[in-house]
Amino acid sequence: MVVGLTLNTSQGAFRKFLPMFDRVLVERLAAETMSKGGIMLPEKAQGKVLQATVVAVGPGSTNQKGKLTPMSVKVGETVLLPEYGGTKVDLEDKEYFLFRDADILGKYVE
Amino acid sequence: MVVGLTLNTSQGAFRKFLPMFDRVLVERLAAETMSKGGIMLPEKAQGKVLQATVVAVGPGSTNQKGKLTPMSVKVGETVLLPEYGGTKVDLEDKEYFLFRDADILGKYVE
Amino acid sequence: MVVGLTLNTSQGAFRKFLPMFDRVLVERLAAETMSKGGIMLPEKAQGKVLQATVVAVGPGSTNQKGKLTPMSVKVGETVLLPEYGGTKVDLEDKEYFLFRDADILGKYVE
Amino acid sequence: MVVGLTLNTSQGAFRKFLPMFDRVLVERLAAETMSKGGIMLPEKAQGKVLQATVVAVGPGSTNQKGKLTPMSVKVGETVLLPEYGGTKVDLEDKEYFLFRDADILGKYVE
Amino acid sequence: MVVGLTLNTSQGAFRKFLPMFDRVLVERLAAETMSKGGIMLPEKAQGKVLQATVVAVGPGSTNQKGKLTPMSVKVGETVLLPEYGGTKVDLEDKEYFLFRDADILGKYVE
Amino acid sequence: MVVGLTLNTSQGAFRKFLPMFDRVLVERLAAETMSKGGIMLPEKAQGKVLQATVVAVGPGSTNQKGKLTPMSVKVGETVLLPEYGGTKVDLEDKEYFLFRDADILGKYVE
Amino acid sequence: MVVGLTLNTSQGAFRKFLPMFDRVLVERLAAETMSKGGIMLPEKAQGKVLQATVVAVGPGSTNQKGKLTPMSVKVGETVLLPEYGGTKVDLEDKEYFLFRDADILGKYVE
């Protein structure tokens, strides 16, 4: 099942962004801006945030037999992204990233 | 189903351009020439428009079993293009781009 | 169905050139030598002609199952060629180009 | 069967990290800090530890037929890692490594 | 059906050369040594001869299903060779070239 | 059938090393340290020993159909290694090498 | 059917070398050391001998279906080798070469 991301267009109407094939749209978690001891971290020391929330998923890709391979992540799940790769996508002035389902390293469940 | 782009030939007759296999012909949306505050943007600051309208789609490609893989976008849909790739095509002095179906990142639905 | 290009041999006899597998033999349309305003264009400004007429088509290639994949263009059709690629072939002092069926970007129908 | 790694979140709650597809999460054994003769080894001489304990395994990847290829290692097993490759993953300030199941060289059994 | 090239061994006996798999042994046509106007051409101006006669063909290669893919050229046919590629083979002090069946661009039929 | 290499752990207990998938663990034969005429060879002149004894074999790899491809060498066999490739593995201070089954060039039988 | 090369071990016993998978062990024919006119050729002018005798053949490789692809050459046959490639193998101080079955260009039959 494809789950899209609802966007507010400037005209007050709504539209949805649907990733295609096996693509997953994620939003990176906010970087930690404070150290454990409560000291403000300069931007450089904040590191690259590899945890992200899945906000939209494509329908999956079809294999050579023509059958749909189901996606392995769901909207709302927290995932671990690889350090490199992914495509930056700006949707309504907010930064998202598209990753192939198979490139996501793992997920966190509660 | 293949859907072509109708072109007006110089002789007043019509002809259609049909993309082949899994190719999609798109027309990029116009770049925003004004900032949100209403100030004219210089061409450099306008950025590359990654949203485009599908104007023609090929029949799809056949997989190793000889079966046609259906296209995932339709004429009229607004799609998100990758930042790189695609083939510029000039049809009747208008600029279009051909992309493989699988290279289109996502689409916007209302 | 393979359709060859009939050639006049120097001895007055005829012979045909048949492209092999999924190859398509095309003849590029003549470059426009005049601007829209009726001014002669120097050769450099004429650009590379990407439209071509199909003059011969191979039988198609066989897939891994041993079945023939039919060709997607026919002799006489006008096609859009990619800017790069193709093999120049001189047949009877005339310049033709061989392209793989899958490398042809699209075709024009009336 | 996927087996995740239980993590203590900072809020006292628990959550699990589940590797995806055929990924294996391992924890390298501690480097030997003493020589056989009982002398402290400087960090450089300690070498790279290639033995690791499996702490979480993904569900396996699906082959072209859509069938799941089972994983060949289990949580708790000691494995031999290749000298290069793998992705460093920091989970709760502890260093782990993700490897594809097929990249693990061998395992030790008792 | 494999068709070999009969060779005269130095001892007056005969032996045949059989290309293997989907290889085709060809003999390039003689370069034109005279211009159309009857003037002797220096060797450099003679160009590379791309037309050749098939002198021996292998049995064809077997596909992944284990079935033999038949060859698409026959001994005696005139073919068009690609400008690059092929393996020079000296058989009885005469120069031949081996090409893969799929690399031959086309053939001439009467 | 997987056959592992029995190792003596430092605590007097035993454990086995099992290569994974289609990997083969070999031990190179000792280099010849004397010439045929009985003269001691300097280390450089001893050459790289390409003969090795198989000490452990993996279970084999599974093909795309999910079926196990059996290994082609057995523990105890003498094999010929390729000059390059293989992964050095130190097990209990002894040097072994892991090779993919398909990379082993041949074997010696009596 | 695998056919190995019988070797005399230094202890007077015999052993055989069996190539693995689709490998073919060949012995190059002796280079011609005299010109046609009966003059001794210096080593440089002798050229690389591309004809060889097959001395041992592997069992063949298995395709993706798990079926053995039979070898296309037999022990005793004279083959034409490609100019590059192959692995030099020294067996009992004699120089042999291993080639993949598919890399052998052709064979000579009487």
Identify, please: which residue in segment D:87-110 is without any contact (Cβ under 8 Å) to a residue 60 or more places away in the chain and either more than 8 Å from chain F (Cβ to nearest Cβ) or of a type in the set (D, E, K, R) (or both) and is, among those, surrounded by the fewest Cβ atoms within 10 Å (Cβ to Cβ)?
D:ASP93
Just for segment B:40-69: of the residues that are within 21 Å of A:ASP90 (Cα to Cα) and modelled with pLDDT of 75 or more, which one is nearest to the other protein chains (Cβ to nearest Cβ)?
B:LEU50
Which members of segment E:62-103 meet the condition of being part of a loop (DSSP other than H, G, I, E, B) and within 21 Å of G:GLU83 (Cβ to Cβ)?
E:LEU81, E:PRO82, E:GLU83, E:TYR84, E:GLY85, E:GLY86, E:GLU92, E:ASP93
Report yes if some residue within segment F:3-13 is touching a Leu at 6+ places or on another chain (Cβ under 8 Å), surrounded by 13 or more Cβ atoms within 10 Å (Cβ to Cβ) and modelled with pLDDT of 90 or more; otherwise report no.
no
Out of segment F:75-86, which residues are under 12 Å from the mean Cα position of the chain (by Cα) and either surrounded by 14 or more Cβ atoms within 10 Å (Cβ to Cβ) or touching a residue at least 24 places away in the same chain (Cβ under 8 Å) (or both)?
F:VAL75, F:GLU77, F:THR78, F:VAL79, F:LEU80, F:LEU81, F:PRO82, F:GLY86
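The values are calculated or read from the model by the stated rules, or taken from the named source; none is laboratory data. Quick caveat: nothing in here was measured; it's all calculated off a predicted structure. When we count neighbours, we look across all protein chains shown, and the Cβ atoms used for this are built from the backbone with ideal geometry, even at glycine.
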